[in-house]
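*Asks:* For reference, the structure I am asking about is given below.
The values are calculated or read from the model by the stated rules, or taken from the named source; none is laboratory data. On a predicted model such as this, the values are computed, not experimentally measured, just so you know. All Cβ positions, glycine included, derive from the backbone under ideal geometry; neighbour counts span all protein chains shown. Surface areas here come from the heavy atoms of the whole protein model, side chains and all, with no ligands, DNA or RNA. Shrake-Rupley method; radii C 1.70, N 1.55, O 1.52, S 1.80 Å.
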Amino acid sequence: MRWEDKRRSENVEDRRGGHVLRRVAGGGIGTLLLVLVAMYFGIDPSIILNQSQLPIPGAGQPTQSEPYSASPAEKSLAEFVSVVLADTEDTWQALFRGMGQTYQEPKLVLFSEAVESACGLASAAVGPFYCPMDQKVYIDLSFYGDLKNRFGAPGDFAQAYVIAHEVGHHVQNLLGIAEKVNSLRSRASESQSNRLSVMMELQADCLAGVWAHHADRARQILEEGDVEEALNAASMIGDDRMQRQGRGYVTPDSFTHGSSAQRVRWFKRGLETGSMDQCNTFEAERL
Ligand SMILES: [Zn+2]
């Protein structure tokens, strides 16, 4: 991706190296909050329940935070994330203007190990997430190491796709889709609720594709191999693949993000058409 000379966002909040005070000791409400966050964003809660047995590094310690010293690689990664965020701002501002609406820019919080969001306390193990209550995207940059090494999805455009997907959740929030879906999910059976989560996630993938389409048209950001990097990432983090890798078998009813093929298909649809109308996963005949 061509990004070095592009605009940086003013909406990055750097909380790396800060301590997080754990308000509730033990499993209790702390764990519950984490699980709620996880369900809300469609992450497999078992990941967090297991993690929450462990003390969160930095949690419960005195709040004197030493300045975070980032390595040159981390500095460059933080710059990159800032450029991608800035580009989503320009793109979604234009698209919202086209609909006669104003785009409210989300903040992006960089954190290390654990972070307190309006949606609860989260450890880095949950991966990047969006909290609709404070309209912020949260990311621990070490996730990109996992993306490359654990999930087999290297490349800067794979990294950009992750941010664009979370910003896609922000767009869903601004358009009132998130609220509707969450109220439906609260009354649905578990498998129906999972299906709604899959629709939300695939729509965020499609919106990430819509971003890439317009960003490339306006600012020629794509280099050879970029699209493949994003499609590979979408495929590598599909539920079927993750489940097979994690426990050796696949149960589609428990999918919360969509299969690899679905994630690739919806990202591609957004990318090729550049049209939000093409991202209506809720009324699609086939996901
Ligand atoms: Zn998501």
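*Asks:* Is there a quick way to get the dipole size of the stretch 187-267? I mean about its Cα centre, with the Cβ of Lys and Arg at +1 and of Asp and Glu at -1; what is the value in debye to the nearest 20? Can you show the working numbers first?
*Replies:* Working: 9 positive and 12 negative charges, 70 e Å.
It works out to roughly 340 debye.
*Asks:* I would also like to ask the following. Hey, which of these cross-link pairs are over 30 Å Cα-Cα: K75/K180; K6/K268; K107/K268? Mind dumping the intermediate values first?
*Replies:* Working: K75/K180 38 Å; K6/K268 24 Å; K107/K268 26 Å.
From K75/K180; K6/K268; K107/K268, over 30 Å: K75/K180.
*Asks:* Test of understanding: extend the Cα→C-beta vector of L175 to 7 Å, then name every residue of the stretch 72-103 with backbone N under 12 Å from that spot.
*Replies:* Taking a point 7 Å out along Cα→Cβ of L175, the residues of the stretch 72-103 whose backbone N falls under 12 Å are 95-96, 99.
*Asks:* On to the next question. Evaluate E = 1/(1 + (r/R0)^6) for Y249 and Q278, where r is the Cβ-Cβ distance and R0 equals 41 Å; express this FRET efficiency to the nearest 0.05. Mind showing how you got there, number by number?
*Replies:* Numbers: r = 33 Å, r/R0 = 0.81.
That gives a FRET efficiency of 0.80.
*Asks:* Separate question: Roughly how many Å² is the accessible area per residue of the stretch 188-287, as a whole number, for a 1.4 Å probe?
*Replies:* About 48 Å² of surface per residue is accessible.
*Asks:* Using a 1.4 Å probe on the protein heavy atoms only, what accessible surface does K148 show? Give it in Å² to the nearest 10.
*Replies:* Spelled out: K148, probe radius 1.4 Å, area about 120 Å².
*Asks:* In units of 2.2 N^0.38 Å, what is the alpha-carbon radius of gyration of the stretch 154-195? Provide the component values of the computation, followed by the final result.
*Replies:* On the way: Rg = 13.8 Å, N = 42, 2.2 N^0.38 = 9.1 Å.
Ratio of Cα Rg to 2.2 N^0.38 Å: 1.52.
*Asks:* Please list 3J(HN,Hα) in residue order for the stretch 144-153, calculated via the Karplus relation 6.51 cos²θ - 1.76 cosθ + 1.60 where θ = phi - 60°; whole Hz, with x for glycine and proline.
*Replies:* For the stretch 144-153, the Karplus-derived couplings read 5, x, 5, 4, 6, 8, 8, 9, x, 10 Hz, x marking Gly and Pro.
*Asks:* May I pose another question? Could you tell me the accessible area of T251 in Å² (1.4 Å probe, neighbours in place), rounded to the nearest ten?
*Replies:* Result for T251: roughly 50 Å² accessible.
*Asks:* Using only the heavy atoms of the protein chains and a 1.4 Å probe, how would L175, L196 rank by accessible area, largest first? Working shown, then result.
*Replies:* Numbers: L175 60, L196 25 Å².
Output order, biggest surface exposure first: L175, L196.
*Asks:* Sticking with this one: Taking 45 Å as R0, compute the FRET efficiency from the Cβ-Cβ separation of A188 and R150 and round it to 0.05.
*Replies:* Numbers: r = 31 Å, r/R0 = 0.70.
Rounded to the nearest 0.05, the efficiency is 0.90.
*Asks:* When N counts the residues of the stretch 69-192, how does its alpha-carbon radius of gyration compare numerically with 2.2 N^0.38 Å, as a ratio? Write down the numbers at each step before the final one.
*Replies:* On the way: Rg = 15.7 Å, N = 124, 2.2 N^0.38 = 13.7 Å.
Dividing the Cα radius of gyration by 2.2 N^0.38 Å gives 1.14.
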